[in-house]
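Visitor: Have a look at this one.
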Amino acid sequence: MSTTARSGDIIHLNVGGKRFSTSRQTLTWVPDSFFSSLLSGRISTLKDETGAIFIDRDPSLFATILNFLRTKELHPRSINVHMLMHEAEFYGITPLGECVSCSCVTSWTGRPAETCFSTVTCRLQVHLSSQHT
């Protein structure tokens, strides 16, 4: 396998006017997500003047989502939990939706998601390992 990236492996996005760059692999590890559909051609793309794929969504929420796709961990800072859940549903990022839901957070702390979300790291190792069995 070649160690050099093909020209299509780096994806440039413009989300709500802010540019992001990431790998195709990062965006598509969740099957049947918005990004899998977008990059397979099932969803048409709108490109900005630089050729980046334009997505008319909130860039601050997208930054958290992209970091989740990169690390498979959620480290929300001052993000509204309900808005993040809405974005996870829009993008079809099922593991993130599961992480944001109270079942993930309250099982660790016993407190509602809104009160403990800033200090909880949601790791999906169990979820991911169950997909490989």
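Visitor: Please list, in chain and number order, the residues 5+ apart from V15 or on another chain whose amide H is under 5 Å from its amide H, with Hs placed from the backbone.
Guide: Sorted by chain and number, the residues that satisfy this are F20, I55.
Visitor: Per-residue counts of other Cβ atoms within 10 Å, averaged by peptide: what ranking do you get for 41-49, 10-18, highest first?
Guide: 10-18, 41-49
No value in this document is a laboratory result; all are computed from the given coordinates. All figures in this text were calculated on a predicted structure; none of them were measured in a lab. Virtual Cβ from ideal backbone geometry, glycine too; neighbours counted across all protein chains shown.
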